[in-house]
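Here you go, one structure.
The values are calculated or read from the model by the stated rules, or taken from the named source; none is laboratory data. Not measured: the values here are computed from a predicted model. Here the Cβ positions follow ideal geometry from the backbone for every residue, glycine too, while neighbour counts run over all protein chains shown. SASA here: full protein model, heavy atoms, side chains in, ligands and nucleic acids out. Shrake-Rupley method; radii C 1.70, N 1.55, O 1.52, S 1.80 Å.
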Amino acid sequence: QVQLVESGGGLVQPGGSLRLSCAASASSFSRYVMRWYRQAPGTQREWVATISSSETTNYADSVKGRFTISRDNDKNMVYLQMNSLKPEDTAVYYCNALLISRIYWGQGTQVTVSS
C-alpha cells in the first residue's frame, strides 16, 4: 500500500507562484510513474503532468511552459512548481502514483487563484 500526502496549496493572486509537494510512503519509489491531476468544482478530474521513473516529463497543454514537475527519489517526493498562475488553475490538486497496474491517490490540496 502506498500513501501519498500533498501539501503546499493555498490562495495566490493571478500571476503568482506556488509549489506543491507530494510525500510518498512507497518502497522502490523511483520505479513509480508520478502524476499530478486537478479537479475544479463541477468538472471532471483532469491530468496535469507526469514524470516517469527515468524523469521524462509531460504536460497538459493548458499548463505547458508554466508548470514544472520534478521528483527527488532520495526523499520519496514529487513536486509541482506552478508559475504564472491563472484563475482557471483553481482546483484541488491530486498526486497520483502508478506502478504497472497499481494506482494510488493522495487526498488533494486546494489551490485558489484569485485577486
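Kindly indicate which of SER21, SER62 is surrounded by 13 or more Cβ atoms within 10 Å (Cβ to Cβ), part of a loop (DSSP other than H, G, I, E, B) and not acidic (Asp, Glu).
On the way: SER21 fails: part of a loop (DSSP other than H, G, I, E, B).
On inspection, the qualifying residue turns out to be SER62.
Being assigned to a loop (DSSP other than H, G, I, E, B), modelled with pLDDT of 95 or more and open to solvent by 60 Å² or more (accessible area, probe 1.4 Å) is the filter here, so list the residues in the stretch 75-114 that pass it. Show your work before the answer.
The initial filter retains those residues of the stretch 75-114 that are assigned to a loop (DSSP other than H, G, I, E, B), namely 75-76, 83-86, 90, 100-101, 106-108, 114.
Going one step further and asking which of them are modelled with pLDDT of 95 or more, we end up with 75-76, 83-86, 90, 106-108, 114.
Result: LYS75, SER84, LYS86, GLN107.
Still on this structure, I have one more. Select from the stretch 61-95 the residues that are more than 21 Å from GLN13 (Cβ to Cβ) and more than 12 Å from the chain's Cα centre (by Cα) and list them in ascending order.
Those that are more than 21 Å from GLN13 (Cβ to Cβ) and more than 12 Å from the chain's Cα centre (by Cα): ASP61, LYS64, ASP72, ASN73, ASP74, LYS75, ASN76.
Additional query: From the list TYR37, TYR32, which one is more than 21 Å from LYS86 (Cα to Cα) and touching a residue at least 40 places away in the same chain (Cβ under 8 Å)?
On inspection, the qualifying residue turns out to be TYR32.
Here are some conditions: (1) closer than 20 Å to TRP105 by Cα; (2) surrounded by 13 or more Cβ atoms within 10 Å (Cβ to Cβ); (3) not basic (Lys, Arg). SER27 meets all but one. Which one does it not meet?
Failing condition for SER27: (2).
Anything in the stretch 65-74 that is open to solvent by 50 Å² or more (accessible area, probe 1.4 Å) and part of a strand (DSSP E or B)? List them, or say none.
If the condition is that a residue be open to solvent by 50 Å² or more (accessible area, probe 1.4 Å) and part of a strand (DSSP E or B), then THR68 is the only one that fits.
On to the next question. GLY108 - would you say it is farther than 18 Å from PRO14 by Cβ, of a type in the set (Gly, Ala, Ser) and in contact with a Phe, Trp or Tyr (Cβ under 9 Å, 6 or more places away or on another chain)? Outline the logic, then answer.
Details: farther than 18 Å from PRO14 by Cβ: yes; of a type in the set (Gly, Ala, Ser): yes; in contact with a Phe, Trp or Tyr (Cβ under 9 Å, 6 or more places away or on another chain): yes.
For GLY108, the condition - farther than 18 Å from PRO14 by Cβ, of a type in the set (Gly, Ala, Ser) and in contact with a Phe, Trp or Tyr (Cβ under 9 Å, 6 or more places away or on another chain) - is met.
With the structure loaded, tell me whether GLU55 is open to solvent by 30 Å² or more (accessible area, probe 1.4 Å), closer than 18 Å to SER114 by Cα and touching a strand residue (DSSP E or B) at 6+ places or on another chain (Cβ under 9 Å) or whether it fails that test. Talk me through it step by step, then tell me what you get.
Working: open to solvent by 30 Å² or more (accessible area, probe 1.4 Å): yes; closer than 18 Å to SER114 by Cα: no; touching a strand residue (DSSP E or B) at 6+ places or on another chain (Cβ under 9 Å): yes.
No, not satisfied.
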